Structures are given as structure tokens and as C-alpha cells.
Amino acid sequence: MKMSLDQLKREAAAEALTFVQSGMRLGLGTGSTAKIFVDLLAERMRAEGMALICVPTSEATRLQAQSLGIPLTTLDETPELDLVIDGADEIDPSLNLIKGGGAAHLREKIVEMATKRFIVIADETKWVANLGKFPLPLECAIFGLEATKRQLAKAIEAAGCAGELVLRKGKDGQVLRTDGGNVILDAKLELIPNPARLAELLDGVTGLVEHGLFIGMAERAILATSSGIRAITR
């Protein structure tokens, strides 16, 4: 019987849990698959008496972890982590990622830059030959947004891409604000021929707080497929 997407996400999260050991400093991701991982982590901690200290990548994850009794810290208190488990919106064969569908990619990237190991978990629908079908999130300062948008468009064009930049709104129809109080422009590019080049050009745009390209950061992807778990290492 074919598994549902939620079942696949649970399979990926359960496999990632095997990499967690007592005593670790662990980063907790954000998103639907990461949420399942946090639930499973809490169950295992209760069952085995595991001692962990965790850093959440969003307010949503912080609240979830707190409700489950998972001990939390901050990067100010614990600036180096052993492992981060997080999801992605797209994963390519080089393990480059698009993240930020949950509006948390700034904090996710900060946490994932502070860890020794970063493992990405996802269902098979997130695996792509080339990044770009999923709109690329660009978190921006609200001040001077139109000027920033023009510079972003130039950077995108210089990277050989093209597409509309759309200000993200929440379910209430209002402009979405991130945990840091910024806004997100979603770049609907369809195809990113050279993700590393685009990331480099975007990094030079003042007013952009952070983009959703995660280049060369994940060491392993755990994909749950209809035929079982697939592990890809970089």
C-alpha cells in the first residue's frame, strides 16, 4: 500500500533520529517534517532518559519543544552544536537546498552554520534535478524594500535567472513578517542553473537579510520514498 506524504515524512524523521546520541547539542529545524522529528525526539528522550540540549530555529519550534519538555538553550549560550536535523523545500543531487517556505530560513541558516553536522530530512517529492521550481525565499528589511527589490532583480538576471518577485502574505491576507520582523519576497524563478553563483550575487545585495539557498551545508539527505529510505551523502 502506498504511503501518504505524512507517513513518508515520519519515516525520514525516524531514520534521522538514529543519528542522535545522548549528550548532544542539537539544533531543531522548522517545517512539517522537522515538526514530526521533534515529536519523535521527545518520545525517545522520555523512553530512554536521553540528556540533550537543543536550539530551535523558529518561535514555532521553540513553543513545540517547550510543550514537549525538551530542554532548550540559545546560540548565545551554546554557540557550537553537534548536529542539526531540518527539512527542505527542494534538494538537488549536490545536496544544495532551497529552504524558507516556513519563513524561518534566516534562523535556520544561522543555526546550521554553527553545527558540526547538518542532516536534511524530506519525503521524495522534495528531490529535484535542478533547484528553482519552488519559489526562492528572500528575507528583506522593510526599509527601502522597493530599492532592494530592484537590486535583487539585477542579481537574479546576472545569474542567468528570470522571474517575478512577489511579496509574501500570510493566511490572513496581511504581509507576512518573519520571527525577526522582516518581510519575504518569493522569487518565482522556475530554474536556477547555477545555485552557487546566484547565492554569491544575492549575498552582495544590501537590504537582503538572507536568501533561502543553502549551498554545500548539508552532509547527508534522508529521503523517505515509496520503496524505502534513501540516503544521499555529499
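The values are calculated or read from the model by the stated rules, or taken from the named source; none is laboratory data. No experiment lies behind these values; they were computed from the predicted model shown. Cβ sites come from the backbone with ideal geometry, for glycine too, and all protein chains shown count toward neighbours.
All of (1) over 15 Å from the mean Cα position of the chain (by Cα); (2) outside the structural domain of CYS140 (by TED's automatic domain parsing); (3) under 12 Å from LEU95 (Cβ atoms) hold for ILE222 with one exception: (1).
Tell me whether the range 84-94 contains one or more residues that are in a loop (DSSP other than H, G, I, E, B) and either free of Cβ contacts under 8 Å to residues at least 60 places away in the same chain or crowded, with 24+ Cβ neighbours inside 10 Å (or both). Yes; the residues of the range 84-94 include at least one that is in a loop (DSSP other than H, G, I, E, B) and either free of Cβ contacts under 8 Å to residues at least 60 places away in the same chain or crowded, with 24+ Cβ neighbours inside 10 Å (or both).
Here are LYS171, LYS154, LYS149: which of them is assigned by TED's automatic domain parsing to the domain that holds ASN194 and at pLDDT below 95?
On the way: LYS154 fails: at pLDDT below 95; LYS149 fails: at pLDDT below 95.
Checking each option against the conditions leaves just LYS171.
Report, by residue number, each residue of the range 147-166 that is over 14 Å from LEU189 (Cα atoms) and either of a type in the set (Lys, Arg) or surrounded by 12 or more Cβ atoms within 10 Å (Cβ to Cβ) (or both). THR148, LYS149, ARG150, GLN151 - these are the residues of the range 147-166 that are over 14 Å from LEU189 (Cα atoms) and either of a type in the set (Lys, Arg) or surrounded by 12 or more Cβ atoms within 10 Å (Cβ to Cβ) (or both).
Rundown of residues vs (1) surrounded by 21 or more Cβ atoms within 10 Å (Cβ to Cβ); (2) out of contact with any Leu (no Cβ under 9 Å at 6 or more places or on another chain); (3) not in a loop (DSSP other than H, G, I, E, B), yes/no style:
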{"position": "GLN64", "(1), (2), (3)": "no, no, yes"}
{"position": "GLY69", "(1), (2), (3)": "no, yes, no"}
{"position": "ILE121", "(1), (2), (3)": "yes, no, yes"}
{"position": "ALA129", "(1), (2), (3)": "no, yes, no"}
{"position": "GLY132", "(1), (2), (3)": "yes, no, no"}
{"position": "LEU138", "(1), (2), (3)": "yes, no, yes"}
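When you scan the range 219-231, do you find a residue that is in contact with a Pro (Cβ under 9 Å, 6 or more places away or on another chain), among the aliphatic types (A, V, I, L, M) and in contact (Cβ under 8 Å) with a residue 60 or more places away in the chain, even just one? There is no residue in the range 219-231 that is in contact with a Pro (Cβ under 9 Å, 6 or more places away or on another chain), among the aliphatic types (A, V, I, L, M) and in contact (Cβ under 8 Å) with a residue 60 or more places away in the chain.
Residues are listed down the side, and each one gets a yes or a no for (1) in contact with a His (Cβ under 6 Å, 6 or more places away or on another chain); (2) at pLDDT 95 or above; (3) surrounded by 16 or more Cβ atoms within 10 Å (Cβ to Cβ):
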site	(1), (2), (3)
SER4	no, no, no
ALA14	no, yes, yes
GLY23	no, yes, no
ALA34	no, yes, yes
PHE37	no, yes, yes
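Note on the range 197-216: residues that are part of a helix (DSSP H, G or I) and farther than 18 Å from ASP89 by Cβ total 4.
The lone criterion from (1) assigned to a loop (DSSP other than H, G, I, E, B); (2) surrounded by fewer than 23 Cβ atoms within 10 Å (Cβ to Cβ); (3) of a type in the set (A, V, I, L, M, F, W, C) left unmet by ALA103 is number (2). Scan the range 176-190 and tell me whether some residue there is in contact (Cβ under 8 Å) with a residue 12 or more places away in the chain, among the acidic types (Asp, Glu) and part of a loop (DSSP other than H, G, I, E, B). Yes, the conditions are met somewhere in the range 176-190. Quick one: is ALA47 in a helix (DSSP H, G or I), surrounded by fewer than 16 Cβ atoms within 10 Å (Cβ to Cβ) and of a type in the set (Gly, Ala, Ser)? The answer is yes for ALA47. Assess whether LEU28 counts as being in contact with a Pro (Cβ under 6 Å, 6 or more places away or on another chain) and closer than 23 Å to ALA114 by Cα. Answer is yes for this residue.
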